[in-house]
Amino acid sequence: MRVIGLMSGTSYDAIDAAAADLHLDGSDLVLRPLGTVTEAYDPGLREALAAALPPAATTLAEVCRLDTLIGQAFAAAAVRAQHELCDGRAELIASHGQTVFHWTDEGQVRGTLQIGQPAWIAEATGLPVVADFRPRDIAAGGQGAPLVSLVDLMWLRGRPGTPVALNLGGIANVTAPDGTAFDTGPAGALIDAAVRRATGRAFDADGELAARGTVHEPLLRRLLDEPYYARPAPKTTGKELFHEGYLLAALADCASSADEDVALTDEDVIATLTRLTARTVADAVRGLGATGPSVASRSLRASGSPHASDGRHVTEVIASGGGTRNPVLMAMLGEELAGVPLRLSDGLGLPAAAKEAYAFAVLGFLTAHGLPGTDPRSTGARHAGVLGSLTPGRSGFPRIRAGAERPVRLVLK
């Protein structure tokens with residue numbers, strides 16, 4: 001089956017479309033990447049989306065408008081992928097949509113909302129669309145994230161040692177071979193907020209601003225006091241917590257408690273936030289490997305080599321996501337990981353910039369075959385579930401190919 005996966009993450013800068021040929025071979029799911037395309041959001045749409053996201057207030061009218069406009073933007077990306085990557089022969093679209101709210105209450109996820117109406121995608125392409133992946137896992141008691149963890153588990157199966165998959169988007173998440181997976185905290189979310197506030201730009205291109213700054217230790221300590229980091233997995237977070245207002249509150253607290261008047265430059269703030277991402281990710285890696293999903297993060301001021309708490313050393317960290325394009329962040333992460341090899345997913349056959357789009361192509365394929373798209377060890381759900389809602393194409397629904405063996409390994413060709 002030829003599937004197009006569509007993804008826009010918490011940085012909401014663009015829509016990634018990845019096309020893949022997928023087929024089951026016994027217990028293997030074989031994936032042949034066909035390529036990727038990226039469609040940047042129209043600046044006006046991106047601005048409207050930013051204005052509607054928490055902690056800002058919005059209206060149902062604006063949510064309706066954004067649902068339509070984002071759906072049309074996803075449809076344009078799907079049409080482009082169908083023509084440029086699939087020779088017009090794609091059979092299914094898998095659309096993650098755009099997350100606008102992830103409702104958590106004392107560690108329990110109560111609901112989630114991804115918009116980008118899939119009917120626009122189905123109408124533009126004529127193909128059936130799987131969308132709305134996350135709510136089914138939440139209804140089963142899970143966190144609804146990180147859904148890429150199942151793909152990571154299949155992809156890394158059989159790899160020697162104890163590899164850890166890392167995604168650096170707006171929020172960072174990790175997956176360990178024992179199934180433990182969780183959001184570690186902000187990747188680009190706070191960095192991007194500081195950059196927009198200082199320059200109006202969307203992100204710190206090539207880490208240029210962080211490279212000119214100096215890490216401010218009192219601010220870093222204040223940020224590391226965030227209770228989220230000490231909560232046990234499974235756990236998820238988003239821009240509902242890590243947003244510009246959160247950063248401004250931390251800066252105000254730091255300024256009011258300072259023994260001396262120290263003027264922080266914008267570059268210092270961005271350098272400190274970049275170090276925060278590296279530190280919290282590395283600390284999460286240090287805590288991975290304990291049996292079961294109840295592993296708790298260690299103290300964020302801990303030091304030492306990253307190793308599993310059951311004695312198994314983490315042997316490599318395989319990174320993907322937009323944050324991998326920030327050389328300052330990657331250098332800091334390498335320092336914090338204390339010698340554990342840090343490599344990009346490109347070297348294992350999945351493009352770092354579009355791994356999540358490929359992952360949702362896989363999840364859409366699993367849904368079309370009536371197969372679960374989650375691992376309860378990763379999300380905390382009561383059971384694995386078949387994910388998503390189906391929007392018919394011009395010829396109706398895809399034929400659910402029930403009875404297929406659930407794959408345990410992802411093989412790249």
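The values are calculated or read from the model by the stated rules, or taken from the named source; none is laboratory data. Owing to the predicted nature of the structure, the values given are computational and were not obtained by experimental measurement. Please note: Cβ atoms are built from the backbone with ideal geometry, for glycine as well, and neighbour counts cover all protein chains shown. Accessible surface areas use protein heavy atoms only, side chains included; no ligands, DNA or RNA. Shrake-Rupley method; radii C 1.70, N 1.55, O 1.52, S 1.80 Å.
Consider region 312-327 and keep the residues that are open to solvent by 30 Å² or more (accessible area, probe 1.4 Å) and under 21 Å from the mean Cα position of the chain (by Cα). The one that is nearest to Asp178 (Cα to Cα) is Gly322. Quick check, is Leu24 among the hydrophobic types (A, V, I, L, M, F, W, C) and touching a Pro at 6+ places or on another chain (Cβ under 7 Å)? Yes; evaluated as a whole, the condition is true for this residue. Selection within region 63-108: residues that are free of Cβ contacts under 8 Å to residues at least 40 places away in the same chain and under 20 Å from Tyr358 (Cα atoms). The member of this set that is surrounded by the fewest Cβ atoms within 10 Å (Cβ to Cβ) is Gly88. Summed over region 1-54, the residues that are more than 30 Å from Val195 (Cβ to Cβ), buried (at least 18 other Cβ atoms within 10 Å of the Cβ) and out of contact with any strand residue (DSSP E or B) (no Cβ under 7 Å at 6 or more places or on another chain) give a count of 1. What are the residue pairs meeting all of these: first residue in region 115-143, first residue free of Cβ contacts under 8 Å to residues at least 24 places away in the same chain and part of a helix (DSSP H, G or I), second residue basic (Lys, Arg) and surrounded by 21 or more Cβ atoms within 10 Å (Cβ to Cβ), Cβ atoms under 8 Å, and 6 or more apart or on different chains? Filtered contacts from region 115-143: no entries.
Among the residues of region 373-388, is any touching a His at 6+ places or on another chain (Cβ under 8 Å) and crowded, with 23+ Cβ neighbours inside 10 Å? Checking region 373-388: not a single residue is touching a His at 6+ places or on another chain (Cβ under 8 Å) and crowded, with 23+ Cβ neighbours inside 10 Å. Look at region 67-117 and say how many of its residues are among the basic types (Lys, Arg) and out of contact with any Asp or Glu (no Cβ under 8 Å at 6 or more places or on another chain). The total comes to 2.
If you filter region 402-413 down to residues that are closer than 19 Å to Arg32 by Cβ and open to solvent by 80 Å² or more (accessible area, probe 1.4 Å), you find that the one that is modelled with the highest pLDDT is Arg409. Scanning region 17-37 for residues being more than 15 Å from Trp155 (Cα to Cα) and at pLDDT below 95 gives a total of 1.
Among the residues here, Asp259 does not qualify as more than 23 Å from the chain's Cα centre (by Cα) and at pLDDT 85 or above.
Residue-level analysis places Arg279 among those that are in contact with a helix residue (DSSP H, G or I) (Cβ under 6 Å, 6 or more places away or on another chain), within 23 Å of Leu166 (Cα to Cα), among the basic types (Lys, Arg) and buried (at least 18 other Cβ atoms within 10 Å of the Cβ).
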